[in-house]
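The values are calculated or read from the model by the stated rules, or taken from the named source; none is laboratory data. All of these numbers come straight from a predicted model, not from anything done at the bench. Here the Cβ is made from the backbone with ideal geometry for all residues, glycine too, and neighbour counts use every protein chain on show.
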Amino acid sequence: MDFLQILQDYFQSNSIIVIILDLLILASVSVFFASIVFRNAKAKRKTVFVLIMFLIYVAIKLFALPFAGIIFDGIMAYWVLLLALIFSTEIKNFFENFELGFSNSEKEATEGQFMRTIMSSVETLSKNRTGALITIERNQPLDDYIEKAIVLNADISEEIIESIFNTQAPTHDGAVIIKNGKIACCGAYFPSTSSDKVAKTIGSRHRAALGISEIFDCLTIVVSEETGRISITIDGFIERNLNKEGLQTFLTKYLD
């Protein structure tokens, strides 16, 4: 039975109410899945992998390959479970960050204070030409890096951030990771970018910031030790030489 025949039988054997409910549920699931997929680059890469596997399955069916067909039929029988396993991290983070909108005024006030503290700290570091690497967790946990660094779980303050990146401090060369509005750790070290498109003149902090942005959904602020210039990395992209307004625009857009 071909696909068109299946559709014809479906519409003929069901009432309009059942069809509408069916389509609404399908649309809701699609929107939910899209909201997970488009949150970060890693989820997009997983989606590409799933699509490639689906196309291979279609090709197997099209050319009636017997042995491969048996294997893939067994796999596809559990496709819902497989999708849940592949996107388990994204689904978990989606529900952990899900909010019903209560206490908006309190939430907005906290976020405003958080933004002002980050902005002020970065401006001071930039003015003093103090190198810094500040990574803010978004929709993927950075627990593996936090556990290997110096765990703090401290409230955010300008004094703490500036002391961490003081040139005399042993944590100066590492990164600060901010998780759930707190300084989770300091002295974290990230893998350098694997991209061959990055200029050779770019510094180690910028390379580390790009590296973590290529594999995790996070935003990283970089302050150059040589020039004091501010950069931001996210999803494998870097924006350099930001002024105060540019920094605020990025933070508002990606941390909202």
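Tabulated results
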item: Options Gly101, Gly112: the member that is closer than 30 Å to Ile161 by Cβ and either at pLDDT below 85 or in contact with a Cys (Cβ under 9 Å, 6 or more places away or on another chain) (or both); result: Gly112
item: Qualifying residues in the range 139-194 (those that are part of a loop (DSSP other than H, G, I, E, B) and of a type in the set (Phe, Trp, Tyr)) - the one surrounded by the fewest Cβ atoms within 10 Å (Cβ to Cβ); result: Tyr189
item: Pair list, Cβ < 7 Å and 6+ apart or interchain, from the range 207-236 residues that are more than 22 Å from Asp196 (Cβ to Cβ) to residues that are of a type in the set (D, E, K, R) and assigned to a helix (DSSP H, G or I); result: Asp217/Lys42; Gly228/Lys127
item: Count - residues of the range 158-186 that are at pLDDT below 95, in contact with a helix residue (DSSP H, G or I) (Cβ under 9 Å, 6 or more places away or on another chain) and farther than 17 Å from Val223 by Cβ; result: 2
item: So Glu226, is it surrounded by 14 or more Cβ atoms within 10 Å (Cβ to Cβ), farther than 29 Å from Gly112 by Cβ and of a type in the set (Asp, Glu); result: no
item: Test: residue in the range 161-183 that is charged (D, E, K, R), under 23 Å from the mean Cα position of the chain (by Cα) and closer than 25 Å to Phe87 by Cβ; result: yes
item: Answer from Ile238, Ile230 - the residue that is aliphatic (A, V, I, L, M) and more than 23 Å from Lys44 (Cβ to Cβ); result: Ile230
item: Qualifying residue in the range 189-207 (condition: within 15 Å of Val176 (Cβ to Cβ) and within 15 Å of the chain's Cα centre (by Cα)); result: no
item: Test for Ala208: is it touching a Leu at 6+ places or on another chain (Cβ under 7 Å), more than 27 Å from Lys92 (Cα to Cα) and buried (at least 21 other Cβ atoms within 10 Å of the Cβ); result: no
